[in-house]
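Inspection log for the structure reproduced underneath, given as structure tokens.
Rule-based calculations on the coordinates, nothing more; no lab input. In this text the structure is predicted, and so the values were computed from the model without any measurement. Here the Cβ is made from the backbone with ideal geometry for all residues, glycine too, and neighbour counts use every protein chain on show.
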Amino acid sequence: MVTVENNTITLHCEKATPDDKVEVEYAVERLLLSGATVIYFDLSKTIYLPSTLMGYLMWKKQDLQKKGKDIQIIAISSSLRKVFEETRLIEFFGIK
């Protein structure tokens, strides 16, 4: 399940699915159409992202940065953080 509040997209499931990717894409596009320049992600409840969703987030971040916009991950579960650290995505997404 994906929810949007202000400019923050929250994934509420432990294990995201390809259907969640579709919901995320739709949420991102809605936020961009509403004028958002930075889209925040809360992944604090998620321990697994399918590669298709991970790839989408990486591609979309790069695409948006070319347009002066950005995607930022503002909260991440400890399990997912380990994956991001091992793959060096922690730096790519600028997660602190």
Can you go through Phe41, Phe84 and tell me which one is aromatic (Phe, Trp, Tyr) and either outside any helix (DSSP H, G or I) or in contact with a Pro (Cβ under 9 Å, 6 or more places away or on another chain) (or both)? Phe41
Go through the stretch 12-44 and give me each residue that's closer than 18 Å to Lys67 by Cβ, under 11 Å from the mean Cα position of the chain (by Cα) and acidic (Asp, Glu). Glu25
How about the stretch 1-19: which of its residues are touching a His at 6+ places or on another chain (Cβ under 9 Å) and either without any contact (Cβ under 8 Å) to a residue 24 or more places away in the chain or among the charged types (D, E, K, R) (or both)? Met1, Thr3
Within the stretch 54-68, is even one residue in a loop (DSSP other than H, G, I, E, B), buried (at least 17 other Cβ atoms within 10 Å of the Cβ) and under 11 Å from the mean Cα position of the chain (by Cα)? no
Every residue from the stretch 12-22 that is touching a Cys at 6+ places or on another chain (Cβ under 7 Å) and loosely packed, with under 12 Cβ neighbours inside 10 Å: none
Take the stretch 42-68 and flag every residue that is of a type in the set (D, E, K, R) and closer than 14 Å to Asp20 by Cα. Asp42, Lys45
Tell me which of these Glu25 doesn't satisfy, since it passes every other one: (1) surrounded by fewer than 16 Cβ atoms within 10 Å (Cβ to Cβ); (2) more than 15 Å from Val2 (Cα to Cα); (3) touching a residue at least 24 places away in the same chain (Cβ under 8 Å). (2)
Across the stretch 1-29, what is the number of residues that are on the phi > 0 side of the Ramachandran plot and among the β-branched types (Val, Ile, Thr)? 0
